[in-house]
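Below: the structure, in structure tokens.
Throughout, read-outs are computed from the coordinates displayed, never taken from laboratory work. All of these numbers come straight from a predicted model, not from anything done at the bench. Methodologically, a virtual Cβ is constructed for each residue, glycine included, from the backbone with ideal geometry; neighbour enumeration extends over all protein chains shown.
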There are 2 protein chains.
Amino acid sequence: MRKIKHPTIDQVELTDIMYALSDPTRLEIVELLGKTGRKMTCGELDLNRPKSSMSHHFKILRSAGLVETVIDGTEHMNSLRIAEIEVKFPGVLSAVLKVRAS
Amino acid sequence: MRKIKHPTIDQVELTDIMYALSDPTRLEIVELLGKTGRKMTCGELDLNRPKSSMSHHFKILRSAGLVETVIDGTEHMNSLRIAEIEVKFPGVLSAVLKVRAS
DNA sequence: ATTAATGTTCGAATATAATCGAACTATAGA
DNA sequence: TCTATAGTTCGATTATATTCGAACATTAAT
């Protein structure tokens, strides 16, 4: 496990994004990543759930194209792919973030 | 079966809306309702699927608060609850509709 | 080399959802 | 009243997701 695979932006489907955002835990992760605007480790994003459960949710966020994870030492740094997603699906993710921020 | 129950707008959750929109068939229904902007019967919205399957999807769209159905004779007229949803979750549904329209 | 830290993957249990035929309900029209 | 129409509900099948402990992999530090 050296590098994590992500879909390219043209492979990202709107339904997958909707699905990823339909889980409260995942929506909260996305909200936190959007709020801080920086890369965060899974640890920082911990929501009182077992590691394996969190890992599962990150996997879905990644495969939906919402989150990018790069490995840095033992840590996995996660960030929102907001710029790309806003180009492909203008207004969708930003509106969700705005709603959740208020 | 006289009148169909819908959630009030304050009962509507963002995650339920996301979930409802994560299915291609349902997203297509929403897209058609948004595009025409008028009430449409389930028949008009038929997507080559059995009635019972379509009914299932409408049920989910209704319970998510996305669609309102009023009975008119033997027909069930469906419309998007876009005005209410835009007040509660500004920009979300409109962005999805815009993306799908393009 | 050991040990610790950070996540992933596996595997199995449980839960939720999709699908669709068949039976049903409600209304309209002849 | 009989029949047609529009859609829902039931029920059973199949498929997909969630959950989380335990084992594993990778890197860092001692």
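Cross-link partners among lysines for A:Lys35, C-alpha distance below 23 Å, same-chain residues fewer than 8 apart left out?
A:Lys51, A:Lys59, A:Lys88, A:Lys98, B:Lys88
Cα centroid distance between the stretch B:1-66 and the stretch A:1-75, in Å?
One Cα centre to the other: 28 Å.
In debye, nearest 20, what is the charge dipole magnitude of the stretch A:29-102 about its Cα centre with +1 on Lys and Arg Cβ and -1 on Asp and Glu Cβ, if you could check? Intermediate results must be reported in sequence, preceding the final value.
Values: 11 positive and 8 negative charges, 40 e Å.
For this selection, approximately 200 debye.
Calculate the FRET efficiency for A:Ser79 and A:Arg49 from the Cβ-Cβ distance with a Förster distance of 25 Å, rounded to the nearest 0.05. Please list the in-between numbers first.
Working: r = 21 Å, r/R0 = 0.82.
Approximately 0.75, to the nearest 0.05.
In which sequence would B:Ser53, A:Ser94 go, from the one with the fewest C-beta neighbours within 10 Å to the one with the most?
Values: B:Ser53 12, A:Ser94 17.
By the 10 Å Cβ count, ascending, the order reads B:Ser53, A:Ser94.
One decimal, nm, shortest first: give the distances between the label point of B:Gly91 and those of the same position in the other copies, each label point 7 Å from Cα along Cα→Cβ.
List, nearest first: 1.0 nm.
What 222 nm value per residue comes from the helices of chain A, counting each DSSP H run with n ≥ 4 as -39,500 (n - 2.57) and dividing by all residues, nearest 500 deg cm²/dmol? Please list the in-between numbers first.
Values: 5 runs with 50 residues, N = 102.
Rounded to the nearest 500, it is -14500 deg cm²/dmol.
Expressed as a rounded percentage, what relative contact order does chain B have, with Cα pairs under 8 Å and six or more residues apart?
Working: 107 pairs, mean separation 35.4, N = 102.
Once divided by the residue count of chain B, the mean separation gives 35 percent.
Would you list which aspartates and glutamates come within 19 Å of A:Lys3, measuring only between C-alpha atoms, while excluding same-chain residues fewer than 8 positions from it?
Within the straight-line cut-off, A:Lys3 pairs with A:Glu68, A:Asp72, A:Glu75.
With a cut-off of 17 Å, note down the residues of the stretch A:47-80 whose backbone N falls inside the zone around a label point 7 Å from the Cα of A:Thr15 toward its beta carbon.
Answer for the stretch A:47-80: A:63-65.
Measuring nothing but label to label, 7 Å from Cα along Cα→Cβ, what are A:Ile60's distances to the other copies in nm, shortest first?
1.3
Testing the spin-label approximation: label points 7 Å from Cα along Cα→Cβ at B:Thr8 and B:Glu28. State their distance in nm.
3.6 nm
First measure r as the distance between the Cβ atoms of B:Val70 and A:Ala101, then evaluate 1/(1 + (r/R0)^6) with R0 = 41 Å and state the FRET efficiency to the nearest 0.05. Walk me through the numbers on the way to the answer.
Details: r = 35 Å, r/R0 = 0.85.
For B:Val70 and A:Ala101, the calculated efficiency is 0.75.
Quick one: with label points 7 Å out along Cα→Cβ, list the inter-copy distances for B:Glu28 in nm, shortest first?
3.6
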